[in-house]
Each structure stands twice: as C-alpha cells, then as structure tokens.
Amino acid sequence: MAVFPQLRLRRLRRKEALRALVRETDIKVSNLIYPLFVVEGRGIRQEIESMPGIFRLSPDLLPPEVEEIAKLGIPAVLLFGIPQQKDEAASAAYHPEGIIPQAIKAIKHAVPELLVVTDVCLCEYTSHGHCGVVVDGEVDNDRTLPILAKTALAHAEAGADIVAPSDMMDGRVKAIREALDEKKFQHIPILAYAAKYASAFYGPFREAAGSTPQFGDRRSYQLDPTNVREALREVEQDINEGADMVMVKPALAYLDVIRRVRDSFNYPLAAYNVSGEYAMVKAAARQGWLDEKKIVMEILTAIKRAGADIILTYHAKDVSRWLNQ
Ligand code: PBG
C-alpha cells in the first residue's frame, strides 16, 4: 500500500480539470424545484420581507415568472396558495376555482411543459393557522383526511402534475391516493413530506403565507427535532400508504436524516432547503459577511452529498443562472 511520500492526495487537486474529473457530487438544474407563493387578486407582486428576492404573486403575474423559470431550465415549481378568505374548515383549500387551481391554469396556459407540484396542507386556509381542522382545541387527524383528499383532487383536476402533502396527518397519503384513483388520476404521483420536523426554520415562510398558528404550535403533528428513528418510521408509513417520492424537511440541520433515509429506502428522495435557511444566507450576504454564491453552492452540495436526489430551494433561479454562466 502506498504511503507518503509516494502517496500524495493533493495530486488530483492541482488543476480545475483534474478536480472536475474526480468530482463526486454535482448540482444539476434538472433536480431543482422552485417554490412560488401565489395570492388571490390582480396585479400583486409583494416582496417577502424576510426572504429578499421572493415575491407573493397574483395569478395574472405568473406567466412572465414561469416563462423565466422554464427558460432557466428549472423543471418544476411548488405552489403555495394564499387565499382571500380563511375559515375554521379551510374551505378555500379545495374550492375548484380557488387560488391554487387559478394559479395552475395560468401556469399551464403560459408554459405547459413546466411541472406543477402543489403543496397540500390546510394551514394557509384555516383561520387558526393549523394544518388540520381543530376539534376541542386539538388538531383532529381523521376529520382532516377527507379535506386533504378533496384538496389534492381539486389540484389534480386543475392540472397539477404532482401533489405534495405537507400536513403530517397519519393516513393522508392513503386518503389522497384513494381519492385520486377513484377519479381516474392514477397517473398523478404523490411527493410526501414524510419526515417533516417541527422547526423554527419555517419562520419566514409563515410570514410569507400568513400561516402562523394562532394558538399552540405544530409539535403535536410534526416530528420532534431530536428523533431520527421516528423519521424513518414516518417515511416507511408514507411509502406503505403509496407515496411515490419522499421528502426530508428542513434540509441543512437534518443532513443525517437525509442520509439515513437514502440508505434505508430505494425511493426518490427530496430535501427542502427551507425559508429560514434561505433567510440566513441572504441576511449574511447583504451584510457582506458571506459570499452568497459560494455559500449556496456549498449548502446545496452538502444536501446532495447527504443523499437527496431533488432539492426544493428558493435559490433555484440564482443557482441556474450561476450554472449556466
Ligand atoms: C405548510 C408548509 C410549511 C412549509 C412548507 N409547507 C410551513 C409549516 O409547516 O409551518 C415550510 C416551507 C419553508 O419554510 O420554506 N404546512
């Protein structure tokens, strides 16, 4: 076995072409999904304060946005809807002409080939901001399931390509799969937010979507950040219920979870580089404290190296520009 001085690991690092030749991890634009916040109304383009460069857009302003996204080579967007009306039953979530169906139609009209993934959850639609219906002060799992199923179906009927439940109710993947199959949407895949933690990294998102719980928090349904075995059980449950792809969320503080899921299941794995992760990078870059481009590429590389196939990230447009340069 060669040892120093015959063995020199630096030999393969001398030139960029050599480094590229032995590179183990690559970020590809074709694996990125760009989240979009769509708001009911017309002519609305509001920047989210804690997420510089990210806007709430009304459906009429989506066409130029999605044309740009498609031109950059990004294959998919993930939609979050902000309705005009919220109520206890989240009725705007499954309205056939609700904000998400409106957005899907606008996008499909402008760029039919762009994949549209929809976030299926009730927190943006309930007056109390929880991800399910509340009965006697608690989020009621089983009563939430049919509402989630109706919501996913409304998205599929409007033309969604993939539905992505993020509510963390038990049994939601099964309920959604059954509802879709019954209406001849057997071909629509489910990307399950399978291991979703109760995380403070969602702070800026909740400002963006107006979905902060009005009482309590989400710890009775989202995973405890201390647990990884339980995350594997969540992933197993969603796969058993019919998930086609699974997700770990957030990404950066959960790289070990991504690796464990990658090693345990042979399903496409997505990781969500969430709003708080984006906000931290943006804030430090604005101060001149970090090199934004290098930091973002290093973060996304780490998420890929941990085992993610797909990355959902607010940096997707910037990354595509950098990679296309
Ligand atoms: C909705 C949902 C959330 C996020 C994605 N879907 C917020 C939450 O669970 O509170 C967070 C995304 C982000 O922070 O970028 N349930």
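The values are calculated or read from the model by the stated rules, or taken from the named source; none is laboratory data. Because the structure is a prediction, the values reported are computed rather than measured. Every residue, glycine among them, receives a Cβ derived from its backbone with ideal geometry; neighbour counts consider all protein chains shown.
Counting only residues that are acidic (D, E) and on the phi > 0 side of the Ramachandran plot, how many does segment 124-173 have?
Kept after step one, since they are acidic (D, E), are these residues of segment 124-173: 124, 136, 138, 140, 142, 157, 161, 167, 170.
Remaining after also requiring on the phi > 0 side of the Ramachandran plot: 136.
Looking only at that region, the number is 1.
Given the residues I48, I44, which is the only one that is within 16 Å of the ligand (Cβ to nearest atom), buried (at least 16 other Cβ atoms within 10 Å of the Cβ) and not small (G, A, S)?
Details: I44 fails: within 16 Å of the ligand (Cβ to nearest atom).
Only one candidate qualifies: I48.
Which number in (1) buried (at least 21 other Cβ atoms within 10 Å of the Cβ); (2) more than 30 Å from D170 (Cα to Cα); (3) touching a strand residue (DSSP E or B) at 6+ places or on another chain (Cβ under 9 Å) marks the one condition that E234 misses?
The single condition E234 does not satisfy is (2).
Considering only residues that are more than 8 Å from the ligand (Cβ to nearest atom), in contact (Cβ under 8 Å) with a residue 24 or more places away in the chain and within 16 Å of S166 (Cβ to Cβ), look in segment 214-224 and name the one that is surrounded by the fewest Cβ atoms within 10 Å (Cβ to Cβ).
Applying the filter and picking the extreme gives S220.
Quick check: anything in segment 210-227 part of a helix (DSSP H, G or I) and charged (D, E, K, R)? Show your work before the answer.
If we filter segment 210-227 for residues that are part of a helix (DSSP H, G or I), which is where we start, we get none.
No.
Restricting attention to segment 51-108, report how many residues are of a type in the set (F, W, Y) and more than 19 Å from the chain's Cα centre (by Cα).
Of the residues in segment 51-108, 1 are of a type in the set (F, W, Y) and more than 19 Å from the chain's Cα centre (by Cα).
Restricting the first residue to segment 70-84 and requiring it to be more than 14 Å from P112 (Cβ to Cβ), which pairs with a second residue that is at pLDDT below 95 and not acidic (D, E) meet a Cβ separation below 6 Å and a spacing of at least six or different chains?
F80/A209; I82/A209
Which is modelled with pLDDT of 95 or more, surrounded by 14 or more Cβ atoms within 10 Å (Cβ to Cβ), within 13 Å of the ligand (Cβ to nearest atom) and of a type in the set (G, A, S), of G203, G242, G210? Before you say what the answer is, go through the steps one by one.
Numbers: G242 fails: within 13 Å of the ligand (Cβ to nearest atom); G210 fails: modelled with pLDDT of 95 or more.
Within the list G203, G242, G210, the selection yields G203.
Only one of (1) over 15 Å from A152 (Cβ atoms); (2) of a type in the set (A, V, I, L, M, F, W, C); (3) in a helix (DSSP H, G or I) fails for A175. Which number is that?
Just one mismatch for A175, condition (1).
Tally time: how many residues in segment 121-165 are charged (D, E, K, R), under 17 Å from I99 (Cα atoms) and either at pLDDT below 95 or not in a helix (DSSP H, G or I) (or both)? Don't jump to the end; show me each part of the working.
Filtering segment 121-165 for residues charged (D, E, K, R) gives 124, 136, 138, 140, 142-143, 150, 157, 161.
Applying the additional criterion that residues be under 17 Å from I99 (Cα atoms) yields 124, 150, 157, 161.
With either at pLDDT below 95 or not in a helix (DSSP H, G or I) (or both) added as a condition, the list becomes 124, 161.
Counting residues in segment 121-165 that are charged (D, E, K, R), under 17 Å from I99 (Cα atoms) and either at pLDDT below 95 or not in a helix (DSSP H, G or I) (or both) gives 2.
From A279, A283, which residue is within 16 Å of the ligand (Cβ to nearest atom), farther than 16 Å from L32 by Cα, surrounded by fewer than 21 Cβ atoms within 10 Å (Cβ to Cβ) and not β-branched (V, I, T)?
Details: A279 fails: surrounded by fewer than 21 Cβ atoms within 10 Å (Cβ to Cβ).
Exactly one of A279, A283 is within 16 Å of the ligand (Cβ to nearest atom), farther than 16 Å from L32 by Cα, surrounded by fewer than 21 Cβ atoms within 10 Å (Cβ to Cβ) and not β-branched (V, I, T), namely A283.
Conditions: (1) within 16 Å of the ligand (Cβ to nearest atom); (2) under 30 Å from E178 (Cα atoms). F265 meets all but one. Number of the miss?
With (1) within 16 Å of the ligand (Cβ to nearest atom); (2) under 30 Å from E178 (Cα atoms) applied to F265, the lone miss is (1).
So that you can scan it fast, the table gives a plain yes or no per residue for (1) of a type in the set (K, R); (2) in contact with a strand residue (DSSP E or B) (Cβ under 9 Å, 6 or more places away or on another chain); (3) within 21 Å of T301 (Cβ to Cβ):
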| position | (1), (2), (3) |
| --- | --- |
| R10 | yes, no, yes |
| I27 | no, yes, yes |
| L36 | no, yes, no |
| R45 | yes, yes, no |
| P52 | no, no, no |
| P59 | no, yes, no |
| Q85 | no, no, no |
